[in-house]
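The values are calculated or read from the model by the stated rules, or taken from the named source; none is laboratory data. The model shown is predicted, which means the values in this text are computed figures rather than measured ones. Methodologically, a virtual Cβ is constructed for each residue, glycine included, from the backbone with ideal geometry; neighbour enumeration extends over all protein chains shown. All accessible areas refer to the heavy atoms of the entire protein, side chains included, with ligands and DNA or RNA removed. Shrake-Rupley method; radii C 1.70, N 1.55, O 1.52, S 1.80 Å.
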Amino acid sequence: MPSLTHNAVAVPREISGSGYVSAPQTVHVFSKYEGTITGLEVAIGDKVTVGQILLRLDEPEARFSLQMAHSAKASAALALRASIVERDQAAAAQKRMDALVARQVTSVEEAEEARRDFRIAEIAVLQAQENLTEADINVQIAQERVDALVVTAPMDGVVTRLDAHVGDTVLARVDSVREDQSMLTLVDMTSLTIDADVAETNVSALRKGQRGEAVLDGFPDQPFAFEIKRLEPVVSAEKGTVSLHLALNNPPDGIRPNMAARIRISLAPNQPNSGDTKQ
């Protein structure tokens, strides 16, 4: 029976591929509550910092609810003060009754009634305190809704998309689930990466941390280094490629998401073409 032999696979001296610039730190900004846009503070291309005001909304019901919550809190505070006065008066009446009973001037039954009145007054104070606490929570909730009408940047970034206009009515975040329903998009331009595809035949020669060189079509004369951050665990059956996620080292000024890129990874002559691929 003839013996089986394995033909050696030639190791490429260089692996090449293509891809595009991606922005993993991208945020689509929605409104937490429904409202009407009354002011825009940014334009496309503006750089913003976390906490910076992006736009302002108005929602009359939210402001009315805050006024009502403040009014309810003031009433609860007055009710608490009144209940404290009544409790103190009941405590004084109980003390007088106890003294009269000791001198046998009044009956024990009247003294017991005074004690019951005091206990009822104490319970009323506790209930009034709970009512004030609830009213304070309602003020905080209403205030949070009004504060949310001023939309601020959740991170440092650049405004890359702005679909908001003064006079527009925007939906609450819970009702806006698609990215295209957001008001604007922020991208962190300092954390751009490249997602590139290389032929699956090269997968055994690739590993996390491996270095290479990239060139953007927009900056063909400014190559820069990269490092493999991650290899996708699944190969594309349609394209016969494996995807790489690359960390960039000193890319050109002006690099933008979705720019086309070409990559190459030079291999040492004695590097084996087999072994484990580290993720």
Inset, instruction - Please go through region 94-148 and pick out each residue that is among the β-branched types (Val, Ile, Thr) and either modelled with pLDDT under 95 or farther than 30 Å from LEU171 by Cβ (or both). - result: VAL101, VAL105, THR106, VAL108, ILE120, ILE123, VAL125, THR133
Inset, instruction - Check LYS239 against each of (1) surrounded by 18 or more Cβ atoms within 10 Å (Cβ to Cβ); (2) modelled with pLDDT of 90 or more and name the one condition it does not meet. - result: (1)
Inset, instruction - Would you check if ARG207 is under 20 Å from the mean Cα position of the chain (by Cα), surrounded by fewer than 18 Cβ atoms within 10 Å (Cβ to Cβ) and either modelled with pLDDT of 95 or more or not hydroxyl-bearing (Ser, Thr, Tyr) (or both)? - result: no
Legend entry - Candidates GLN67, GLN52, filtered to the one that is out of contact with any strand residue (DSSP E or B) (no Cβ under 7 Å at 6 or more places or on another chain) and either more than 21 Å from GLN129 (Cα to Cα) or of a type in the set (S, T, N, Q) (or both): GLN67
Legend entry - Residue ID - surrounded by the most Cβ atoms within 10 Å (Cβ to Cβ), chosen from residues in region 46-74 that are within 19 Å of the chain's Cα centre (by Cα) and part of a loop (DSSP other than H, G, I, E, B): GLN52
Inset, instruction - Report the residue count in region 190-203 for those that are surrounded by fewer than 16 Cβ atoms within 10 Å (Cβ to Cβ) and assigned to a loop (DSSP other than H, G, I, E, B). - result: 0
Inset, instruction - Considering only region 47-67, state which residues are hydroxyl-bearing (Ser, Thr, Tyr) and within 18 Å of VAL27 (Cβ to Cβ). - result: THR49
Inset, instruction - Restrict the check to region 22-42 and report whether at least one residue is surrounded by 15 or more Cβ atoms within 10 Å (Cβ to Cβ), in contact with a His (Cβ under 9 Å, 6 or more places away or on another chain), of a type in the set (Gly, Ala, Ser) and at negative phi. - result: yes
Inset, instruction - Please tell me if PRO223 is at pLDDT 95 or above, farther than 22 Å from PRO24 by Cβ and either open to solvent by 40 Å² or more (accessible area, probe 1.4 Å) or in contact with a helix residue (DSSP H, G or I) (Cβ under 7 Å, 6 or more places away or on another chain) (or both). - result: yes
Legend entry - Among residues of region 204-226, those that are touching a residue at least 24 places away in the same chain (Cβ under 8 Å) and outside any loop (DSSP other than H, G, I, E, B), counted: 13
